[in-house]
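Colleague: There's a structure below that I have some questions on.
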């Protein structure tokens, strides 16, 4: 089973991934799956009624708003990084957490590199499929690099301006 | 100057440690140059034609003496004894060894400096009026807003991988010394009728391949709502800016494609959803304001007898004062511009020794405050008139008293083909040949304000589109040619220049500028600048002069 880096209790751990990524052309295996937005819109209802956990992969150009009313029943939203330098998934993650109050897993998929760990964690990602093979320890090291942050974001960290007031 | 607190210092220390580890991974071979490239580019480290170039951020162009001395020391220790001030008010070292960069970043952090976000598709160094805190024209000190934006934009979790780089300028004076209208966002402080402070917000200005003057999308944004509004603009851009073609990825392309009105509508809709959660609390804005150590001015008479006497006795001082000294808000003080455009030298370059001289002068006579302008000069914003003769003498001794601010030899030029891997043509030698051609200072003063800007390629780092005379280097079958454009401006009267005609070979450029100047001197009326005359007469007489003999 592929491994997933998961943010849990303030640290990063390696987990067996319970979900299978399934492309649109491939027929669905049993169990928990992550599927495209298009497929979810066509088949989501049925899959959920079967009692499986369903996750949705959100491509960079797809709008998170399209999922708004389904979020409470989606177990995983996986905004994709087609390239590490395509930053649209950061906005998707923040909106999921901050605007829609999404409590499920927000998983980084695609060109997911440890150099970006801190940005991802701050935007509300809590699960990672590192494309650079980095370990949970390396991921955690990168994510915790900075003792201070300057902005309010989805991770709830106290920004510098609030630290200063304390 | 803004005084860094412990948090700011620890943030920089963490960044330096991170980069040291990243360089170690590269040097050990754990990662390839391809993998390292995006990492080094997050730290302003470029691989150029001959060596690594390190671009150091000078936030809103503001430096203390201690910082400038450290830059001088780095120039001597790790480079060839000089540095290059850029149009983003940063400093570039062009001869850096990769293995030295972690130490350099540590040395920078020790004086509250860094290279964060001096490259990459992120929010770059914010530009502010170099006369901030010194000019009587300003409504508020724009550095407070620039510093708050520096912090907000530093490693911004959502906006560090935008479609393309992103530049913000803020000014509070009617005379725009920041080129706000050709920035991705230009902010101009305004006062409402009831006295409240706000920003006029312009978005989508820019140079490069497709120059645009940024349209205003909001006439008045209350200052305490700045950060939620910036977030709304950046979010619309991050989601909808083009990512399929890097030449169409700047926000100006999105704004032009949607139209300013529709872009504004999308921003306002997003802004409404964001609410006030992203705004900085007033307490923090007050803290930033207070963290700028206030300049302490003496009560002085408006006229300094010592200065007047010295000026009457020294034509050189008088000329320097006419061109490089500007009025200060406090009686008995002046703003002193230091030209980095000595005739025959590289525009924007300063030697380590010159940096030390400026640092010493700032400490002794200028309240420890130095500014870098986007026109690649330095400023001592608070000098007593009484001290001007001494300051001038010290500058002159260091080759820093060139009296040419805003004159024809005060040329902006990008590094061009002498350094840059992207360039098609050299820019520096062209600037040097024009400056040599107009080295007669009486003639230069007679010509008056004339802004020449030179870029070595279409990326327009030398801002040629907004030069009164713009010069663009192009490659024609392996030969360097230069295309002239006239009538541009990056100031409050911003406009993109018009191309005059076919490109000229390098050896005809200075001569062509001479012909253009002759037309101006012949045609001008009243107190017209070159730009005013051009705008009144149109291109015809200028075109005629340059291309007549070719026909």
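The values are calculated or read from the model by the stated rules, or taken from the named source; none is laboratory data. As the structure is a computational prediction, the values presented were derived from the model and not from experiment. Cβ coordinates were reconstructed from backbone atoms using ideal geometry, including for glycine residues, and neighbour counts include every protein chain displayed.
Colleague: Which pairs turn up if I take residues in region B:284-309 that are touching a residue at least 60 places away in the same chain (Cβ under 8 Å) and within 14 Å of chain A (Cβ to nearest Cβ) and look for partners that are surrounded by fewer than 16 Cβ atoms within 10 Å (Cβ to Cβ) and assigned to a loop (DSSP other than H, G, I, E, B) with beta carbon separation below 6 Å, at least 6 apart in sequence or on another chain?
Modeller: Note: pairs meeting the criteria are B:291/B:3.
Colleague: Of (1) free of Cβ contacts under 8 Å to residues at least 60 places away in the same chain; (2) within 14 Å of chain A (Cβ to nearest Cβ); (3) over 20 Å from the mean Cα position of the chain (by Cα), residue B:190 satisfies all except one. Which?
Modeller: The single condition residue B:190 does not satisfy is (2).
Colleague: Of all helices (runs of 4 or more DSSP H) completely enclosed by region B:479-551, which ones contain at least 2 residues that are touching a helix residue (DSSP H, G or I) at 6+ places or on another chain (Cβ under 7 Å) and within 29 Å of residue B:373 (Cα to Cα)?
Modeller: Where helices (runs of 4 or more DSSP H) fall fully within region B:479-551 and carry at least 2 residues being touching a helix residue (DSSP H, G or I) at 6+ places or on another chain (Cβ under 7 Å) and within 29 Å of residue B:373 (Cα to Cα), they are B:509-523, B:530-537.
Colleague: Residue by residue through region B:355-379, note down the ones that are touching a strand residue (DSSP E or B) at 6+ places or on another chain (Cβ under 8 Å) and assigned to a helix (DSSP H, G or I).
Modeller: Within region B:355-379, B:355, B:358, B:359, B:361, B:362, B:365 meet the criteria.
Colleague: Determine, yes or no, whether residue B:163 is in a loop (DSSP other than H, G, I, E, B), under 19 Å from residue B:227 (Cβ atoms) and within 14 Å of another protein chain (Cβ to nearest Cβ).
Modeller: No, not satisfied.
Colleague: Also, quick follow-up: Can you tell me which residue among B:336, B:372 is without any contact (Cβ under 8 Å) to a residue 60 or more places away in the chain, crowded, with 24+ Cβ neighbours inside 10 Å and within 26 Å of residue B:428 (Cβ to Cβ)?
Modeller: Exactly one residue qualifies, and that residue is B:336.
Colleague: Here is a further query. Go through region B:480-523 and count every residue that is within 30 Å of residue B:186 (Cβ to Cβ), free of Cβ contacts under 8 Å to residues at least 40 places away in the same chain and surrounded by fewer than 22 Cβ atoms within 10 Å (Cβ to Cβ).
Modeller: 3
Colleague: Would you mind stating whether residue B:259 is over 25 Å from the mean Cα position of the chain (by Cα) and on the phi > 0 side of the Ramachandran plot?
Modeller: Spelling it out, residue B:259 is indeed over 25 Å from the mean Cα position of the chain (by Cα) and on the phi > 0 side of the Ramachandran plot.
Colleague: Let me ask another. Mind listing just one residue for me: the one in region B:268-283 that is within 14 Å of chain A (Cβ to nearest Cβ) and part of a helix (DSSP H, G or I) and, of those, surrounded by the most Cβ atoms within 10 Å (Cβ to Cβ)?
Modeller: Among those residues, the one meeting the criterion is B:271.
Colleague: Of the numbered conditions (1) in a loop (DSSP other than H, G, I, E, B); (2) closer than 28 Å to residue B:156 by Cα, residue A:56 fails exactly one; give the number of that condition.
Modeller: For residue A:56, the failing item is (1).
Colleague: State yes or no: is residue B:256 in contact (Cβ under 8 Å) with a residue 40 or more places away in the chain, farther than 27 Å from residue B:157 by Cβ, away from chain A (no Cβ under 14 Å) and surrounded by 15 or more Cβ atoms within 10 Å (Cβ to Cβ)?
Modeller: Against the criterion (in contact (Cβ under 8 Å) with a residue 40 or more places away in the chain, farther than 27 Å from residue B:157 by Cβ, away from chain A (no Cβ under 14 Å) and surrounded by 15 or more Cβ atoms within 10 Å (Cβ to Cβ)), residue B:256 qualifies.
Colleague: Right, something else. Can you tell me how many residues in region B:410-427 are surrounded by fewer than 24 Cβ atoms within 10 Å (Cβ to Cβ) and either assigned to a helix (DSSP H, G or I) or within 18 Å of the chain's Cα centre (by Cα) (or both)?
Modeller: So the count comes out to 2.
Colleague: Filtering region B:127-160 down to residues that are within 11 Å of chain A (Cβ to nearest Cβ) and part of a loop (DSSP other than H, G, I, E, B), which residue is nearest to residue B:284 (Cα to Cα)?
Modeller: Per the criteria, the residue is B:154.
Colleague: Moving to a separate point now. So residue A:128 passes all but one of these: (1) more than 11 Å from chain B (Cβ to nearest Cβ); (2) surrounded by 21 or more Cβ atoms within 10 Å (Cβ to Cβ); (3) in contact with a helix residue (DSSP H, G or I) (Cβ under 6 Å, 6 or more places away or on another chain). Which condition number does it fail?
Modeller: Status for residue A:128: all satisfied but (3).
Colleague: With the requirement that a residue be more than 7 Å from every other protein chain (Cβ to nearest Cβ), surrounded by 15 or more Cβ atoms within 10 Å (Cβ to Cβ) and not in a loop (DSSP other than H, G, I, E, B), what does region A:141-166 give you?
Modeller: If the condition is that a residue be more than 7 Å from every other protein chain (Cβ to nearest Cβ), surrounded by 15 or more Cβ atoms within 10 Å (Cβ to Cβ) and not in a loop (DSSP other than H, G, I, E, B), then A:141, A:142, A:143 are the ones that fit.
Colleague: Suppose the filter is closer than 30 Å to residue B:15 by Cα, out of contact with any strand residue (DSSP E or B) (no Cβ under 6 Å at 6 or more places or on another chain) and either assigned to a helix (DSSP H, G or I) or more than 13 Å from chain B (Cβ to nearest Cβ) (or both); does residue A:116 pass it?
Modeller: When the stated conditions are applied, residue A:116 passes them.
Colleague: Could you list, in sequence order, the residues of region B:296-331 that are within 16 Å of residue B:136 (Cα to Cα) and crowded, with 19+ Cβ neighbours inside 10 Å?
Modeller: Correct list: B:325, B:328.
Colleague: Same structure, new question: Taking the criterion of being more than 13 Å from the chain's Cα centre (by Cα) and part of a loop (DSSP other than H, G, I, E, B), would at least one residue in region A:122-130 satisfy it?
Modeller: No, region A:122-130 contains no residue that is more than 13 Å from the chain's Cα centre (by Cα) and part of a loop (DSSP other than H, G, I, E, B).
Colleague: Moving to a separate point now. Tally up the residues in region A:84-103 that are assigned to a loop (DSSP other than H, G, I, E, B) and more than 9 Å from chain B (Cβ to nearest Cβ), please.
Modeller: Residues that pass the stated criteria total 4.
Colleague: Inside region A:74-83, can you point out the residues that are within 12 Å of chain B (Cβ to nearest Cβ) and either out of contact with any helix residue (DSSP H, G or I) (no Cβ under 9 Å at 6 or more places or on another chain) or surrounded by fewer than 18 Cβ atoms within 10 Å (Cβ to Cβ) (or both)?
Modeller: Residues satisfying the conditions are A:82, A:83.
Colleague: When residues of region A:36-73 are filtered for being within 14 Å of the chain's Cα centre (by Cα) and within 14 Å of chain B (Cβ to nearest Cβ), how many remain?
Modeller: 4
Colleague: Further, regarding this structure: Being within 9 Å of another protein chain (Cβ to nearest Cβ) and in contact with a helix residue (DSSP H, G or I) (Cβ under 6 Å, 6 or more places away or on another chain) is the filter; apply it to region B:1-16 and report the residue that is surrounded by the fewest Cβ atoms within 10 Å (Cβ to Cβ).
Modeller: Across region B:1-16, the extreme among qualifying residues is B:13.
Colleague: For region B:73-82, state whether one or more residues are within 16 Å of residue B:415 (Cα to Cα), away from every other protein chain (no Cβ under 14 Å) and in contact with a helix residue (DSSP H, G or I) (Cβ under 9 Å, 6 or more places away or on another chain).
Modeller: yes
Colleague: Let me ask another. Against the condition more than 15 Å from the chain's Cα centre (by Cα), within 14 Å of chain B (Cβ to nearest Cβ) and either within 23 Å of residue A:112 (Cβ to Cβ) or exposed (fewer than 14 other Cβ atoms within 10 Å of the Cβ) (or both), how does residue A:25 come out, does it pass?
Modeller: no
Colleague: Checking the structure you have, find out if any residue of region B:229-247 is more than 13 Å from chain A (Cβ to nearest Cβ), assigned to a helix (DSSP H, G or I) and at pLDDT below 95.
Modeller: Yes, region B:229-247 contains at least one residue that is more than 13 Å from chain A (Cβ to nearest Cβ), assigned to a helix (DSSP H, G or I) and at pLDDT below 95.
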